[in-house]
1. When you take every Cα atom in the stretch 8-61, what is the radius of gyration, and what is Dmax, the widest Cα pair distance, in Å?
2. Quick one: which of 11-18, 54-61 comes out on top by average Cβ neighbours within 10 Å, and what's the full order, highest first?
3. Tell me, in nm to one decimal, what length is gained between Arg58 and Thr74 on full extension, where the rule is 0.36 nm per residue of separation less the Cα-Cα distance?
4. Apply the Karplus parameterisation 6.51 cos²θ - 1.76 cosθ + 1.60, with θ equal to phi minus 60°, to every residue of the stretch 28-38 and state each ³J(HN,Hα) to the nearest whole Hz, in sequence, with x for glycine and proline.
Amino acid sequence: MSYMAFSLRLDEKTEAAIRRLARETGRSRSAVVRDAMSQYIGMTREVDFARTALDRLRPFVGVTTTGRNPSRATHEKFKAALVRKHRARGAR
């Protein structure tokens, strides 16, 4: 199998962990990273990244009814407040 060169920037902690794992397992750092990437790609194939957030949340999104119309109730409360305010101004 042929390999292609690939440059990757790592933080010191991650690089040290790769170096330590390579030393403990007798493999090269490149082999450790290749194996890790293969495992990661295998895991993420199960996840459908092409779907939108809504598609992934759709099972949890829905419509519910409370048995009343909150929009209507809000309208009536607002209308009553305006009537009270109008009557208070007229009483002056």
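1. Radius of gyration, then largest Cα-Cα span, for the stretch 8-61: 16.7, 50 Å.
2. 11-18, 54-61
3. So the extension gain works out to 2.9 nm.
4. Each residue of the stretch 28-38 in turn: 7, 4, 4, 5, 4, 5, 4, 4, 4, 5, 4 Hz.
Bear in mind that the values in this text are calculations on the coordinates, not laboratory data. Computed from a predicted model, the values in this text were never measured in an experiment. Heads up, the Cβs are rebuilt from the backbone with ideal geometry, glycines too, and the neighbour counts pull from every protein chain shown.
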